[in-house]
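Student: Below you will find the structure I want to go over with you.
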Amino acid sequence: MQARHRAPTGRAVSRRKPLLLFRTIFCGEMGLNMEILRIDGGRRLDGAVTIHGAKNSALPLLAASLLARGTSEITNCPQLSDVAASVNILRHLGCRVERSEGTVAVDSLPLSRSDVPDSLMREMRSSIIFLGALIARTGEAHMSFPGGCELGARPIDLHLAALRQLGVKIIEERGRLLCRAGGRLKGTAIALDFPSVGATENILLAASTAEGKTTILNAAREPEIVDLCAYLSRCGARIQGAGEGAITVEGVERLTAAPYRVMPDRIETVTYLAAGAVTGGRLALRGAEPAHIATVLPVFEEAGCELTCRPGELEIRAPARLRRVRSIRTMPYPGFPTDAQAPLMAMTSVADGTSVFVENIFENRYKHAGELIRMGANIKVEGRVAVVEGVESLSGAPVECTDLRGGAALVIAGLAADGTTSLREIHHLDRGYEGLDSALQGLGAHIQRIEE
Ligand code: UD1
């Protein structure tokens, strides 16, 4: 499977130094995070950690909740800035949202508008997932184009083409999308050029209440798709084939709210496995679902780790020195997940031997390599391929999170490195990892979140 490469269609105010003062005010106004993570590496991790609900499942579930009339209580919902961004969108649309630890209750009945302002769209790229749900619920949606991001251009052509096939009129005008359905959407057969996760989610949302049958061919098969289908089905949707390449949706008149528990986060699981592995540690991951990472687990075994699956728990025991892994090629599910590429690159950068990565999903997903090199890693990137020659040890350095999973890679590298790593731009991490620093502290890491 080839990637779809295309042309890019402070808080506290210091009184000490004027430059710092300027930067603090400037960054504060820009909404930039002035906190850093300081990691004193070289500590072996030992203990147990509980895996949170999956970000990539919680976000589409929250968007779906506006389609289901009444109050949906979404439990095991991680406390992340991306979840807060989704809640902001739901509240803007008129939904009543109550949050308490791990639970988001969305009452969609008072929904009163169908536009999402640019400022809310920009908070999170995956806000595009609201498109299908809004059109299905209100017959229209006005929002800005999500644009590119750290990983590349990230077009939404597949989402738009599919919605058009379902009968939505879409005008793309000066960065805005004006979408209108003249009545109920009409089910049809949609063949995706690529099994896009977001496009599959948008089609599922739009098709659930469409008239007649929709078939999605070459649908994404990720566990998060299965989770979304399970919630929609509980709300009354009629969906067959979730988790397979062909999904059929028999449209129903309306969906009714239902409670739902978010599946465990498979990428958070892989991140902790890599953190345990790189420190020669022993970790028990409570609530992890090994079946969702069946193509990732053999990579840890190849590197010399011992894995034990017990009911509700996955344990990793790592050797003093990891071995190289031959080749990692990212692919749509059930292939190796692109979101696990960066954490594993950090891990292999201290393994004995040469590991090769091929990134097939996103065109620009090796930015963390440059930061790992600052810490002493030996990595050569050429196009979609990265060759990692494992080194004996990394050295702590000042580095920056380049994106969410790239940031996780730098935390892993910092845990393994000799000396101190100071990691900036950690707002990326807060998008996708709840309580990462406190959990790692509990496992024995010396990691602190401090004001810069
Ligand atoms: C989701 C995940 C993200 C993960 C990715 C791939 C969420 C919130 N995010 O992102 O963490 O890395 O799946 O597993 O669930 N593409 C197009 N046109 C489109 C749509 C996608 O060309 O209309 C391309 C993208 O640019 C990318 C590839 O298809 O190269 C995969 O994208 P997609 O599966 O849609 O990922 P997301 O849903 O954005």
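The values are calculated or read from the model by the stated rules, or taken from the named source; none is laboratory data. All figures in this text were calculated on a predicted structure; none of them were measured in a lab. We place every Cβ from the backbone using ideal geometry, glycine too, and count neighbours over all the protein chains shown. Each accessible area value is taken on the protein alone, full model and side chains, heavy atoms only, with ligands, DNA and RNA left out. Shrake-Rupley method; radii C 1.70, N 1.55, O 1.52, S 1.80 Å.
Student: Assuming a ≥ b ≥ c are the square roots of the Cα gyration tensor eigenvalues, decide whether the range 75-157 counts as rounded (a/c under 1.5), prolate (otherwise, with a/b larger than b/c) or oblate.
Tutor: oblate
Student: Quick check: from the Cα gyration tensor, does the range 397-452 come out rounded (a/c under 1.5), prolate or oblate?
Tutor: Since a/c stays below 1.5, the shape of the range 397-452 is classed as rounded.
Student: While we're looking at this one, here's another question. Describe numerically, in nm with one decimal, the distance between label points set 7 Å from Cα along Cα→Cβ at ARG374 and at THR50.
Tutor: Label-label distance for ARG374 and THR50, simple model: 3.5 nm.
Student: Heavy atoms of the protein only, probe of 1.4 Å, neighbouring chains included. What is the accessible area of ASP82 in Å², nearest 10?
Tutor: 0 Å²
Student: Of the DSSP beta bridges with both residues in the range 357-432, give the percent that are antiparallel, rounding to the nearest 5.
Tutor: Around 65 percent of the beta bridges assigned by DSSP in the range 357-432 are antiparallel ones.
Student: What does the extension gain come out to for GLU382 and GLU313, with contour length at 0.36 nm per residue minus their alpha carbon separation? List each step's numbers first, then the result.
Tutor: Values: separation 69, 0.36 × 69 = 24.84 nm, distance 3.82 nm.
That pair, GLU382 and GLU313, stretches by 21.0 nm at full extension.
Student: How big is the dipole moment of the chain about its Cα centre under a simple scheme where the beta carbon of each Lys and Arg is +1, that of each Asp and Glu is -1, and everything else is neutral? Debye, nearest 20, please.
Tutor: The calculated dipole for the chain is roughly 620 debye.
Student: To continue, here is another question. Roughly speaking, what is the stretch gain from SER112 to GLN448, that is 0.36 nm per residue apart minus the C-alpha to C-alpha distance, in nm to one decimal?
Tutor: Answer, rounded to one decimal: 116.6 nm.
Student: The chain: D in µm²/s via Stokes-Einstein (Kirkwood Rh, Cα pairs, 20 °C, 1.002 mPa s)?
Tutor: In µm²/s, the coefficient rounds to 95.
Student: Tally up the carbon and sulfur contribution to the accessible surface of the range 290-393 as a whole percent, 1.4 Å probe, everything protein left in place.
Tutor: Here it works out to 49 percent.
Student: Let me ask something else. With every protein chain present, what accessible area does HIS446 have (1.4 Å probe, heavy atoms only), rounded to the nearest 10 Å²?
Tutor: 80 Å²
Student: So, one more: How would the range 321-444 be classified by its alpha-carbon gyration tensor: rounded, prolate or oblate, with rounded meaning a/c under 1.5 and the a/b versus b/c comparison settling the rest? Each step should come with its number before you reach the end.
Tutor: Numbers: a/c = 1.58, a/b = 1.19, b/c = 1.32.
Judged from the Cα gyration tensor, the range 321-444 comes out oblate (a/c at least 1.5, b/c at or above a/b).
Student: Give the carbon-plus-sulfur fraction of the accessible surface of the range 158-221 in %, rounded to a whole number; probe 1.4 Å, heavy atoms of protein chains only.
Tutor: For the range 158-221, the apolar C and S fraction of the accessible surface comes to 50 percent.
Student: Okay, moving on. Accessible area, 1.4 Å probe, largest first: how do PHE362, PHE357 sort?
Tutor: In descending accessible area the options line up as PHE362, PHE357.
Student: Out of the total accessible area of the range 396-452 (probe 1.4 Å, heavy atoms of protein only), what percent is carbon and sulfur?
Tutor: 46 percent
Student: With both partners inside the range 228-352, how many of the DSSP beta bridges are antiparallel, as a percent to the nearest 5?
Tutor: Around 85 percent of the beta bridges assigned by DSSP in the range 228-352 are antiparallel ones.
Student: Further question on the same structure: Which residues in the range 184-223 place their backbone N less than 19 Å from a point set 7 Å from the Cα of ASP157 along the Cα-to-Cβ direction?
Tutor: 190-203, 217-220
Student: Hey, another quick one. Would you work out which of PHE336, ASN364, GLY353 lies farthest towards the positive end of the dipole of the chain, given +1 charges on the beta-carbon of Lys and Arg and -1 on that of Asp and Glu, about the Cα centre?
Tutor: ASN364
Student: If you average the C-alpha positions of the range 371-416 and of the range 56-79 separately, how far apart do those two centres end up, in angstrom?
Tutor: Answer, in whole Å: 35.
Student: Please calculate how many Å² of accessible area the chain carries per residue, with a 1.4 Å probe and no DNA, RNA or ligand atoms counted.
Tutor: 41 Å²
Student: Keeping all protein chains in the complex and leaving out DNA, RNA and ligands, what accessible area do you get for SER81 with a 1.4 Å probe, in Å² to the nearest 10?
Tutor: In the full protein context, SER81 sits at about 50 Å².
Student: Taking the dipole about the Cα centre of the range 224-281, with the C-beta of Lys and Arg at +1 and of Asp and Glu at -1, give me whichever of ALA242, THR271, TYR231 is farthest to the positive side.
Tutor: TYR231
Student: Exactly which GluC sites (Glu not before Pro) in the range 190-251 are in a DSSP loop and have at most 16 other Cβ atoms within 10 Å?
Tutor: Numbers: sites: GLU201, GLU211, GLU224, GLU244, GLU250; in loops: GLU244.
Within the range 190-251, the qualifying GluC sites (Glu not before Pro) (loop, at most 16 other Cβ atoms within 10 Å) are GLU244.
Student: Order ASP118, ASP437, most accessible first, counting only protein heavy atoms with a 1.4 angstrom probe. Mind showing how you got there, number by number?
Tutor: Working: ASP118 60, ASP437 25 Å².
The ordering from most to least exposed comes out as ASP118, ASP437.
Student: Further question on the same structure: Could you tally up the Lys pairs in the chain with alpha carbons closer than 22 Å? Skip any pair fewer than 8 positions apart unless they're on separate chains.
Tutor: Lysine pairs satisfying the spacing and distance rule in the chain number 5.
Student: Ignoring ligands, DNA and RNA, how do THR330, THR71 rank by accessible area with a 1.4 Å probe, largest first?
Tutor: THR71, THR330
Student: So, R0 is 56 Å and r is the distance between the beta-carbons of LYS213 and ASP418; what FRET efficiency does that work out to, to 0.05? Don't jump to the answer; show the numbers that get you there.
Tutor: Details: r = 60 Å, r/R0 = 1.08.
Computed FRET efficiency for LYS213 and ASP418: 0.40.
Student: Looking at the chain only, what percent of DSSP beta bridges run antiparallel? Nearest 5 please.
Tutor: Beta bridges within the chain, antiparallel portion: roughly 70 percent.
Student: Report the trypsin sites (Lys or Arg not before Pro) located in the range 169-212 that are in a DSSP loop and have at most 11 other Cβ atoms inside 10 Å of their Cβ, or state none. Display every interim value, and only then the final one.
Tutor: Values: sites: LYS169, ARG174, ARG176, ARG180, ARG184, LYS186; in loops: ARG174, ARG184.
Here the trypsin sites (Lys or Arg not before Pro) that fit, given the DSSP loop and packing criteria, are ARG174.
Student: Only residues of the range 321-342 count here: report those whose backbone N is under 11 Å from the spot 7 Å along Cα→Cβ of VAL358, or say none.
Tutor: 327-331
Student: Given the Cα-Cα distance of ALA189 and ALA320 and 0.36 nm per residue of separation, how much length would full extension add, in nm?
Tutor: Result: 41.8 nm gained on full extension.
Student: Based on alpha-carbon centroids, what's the gap between the range 274-334 and the range 106-137 in Å, whole number please?
Tutor: 37 Å
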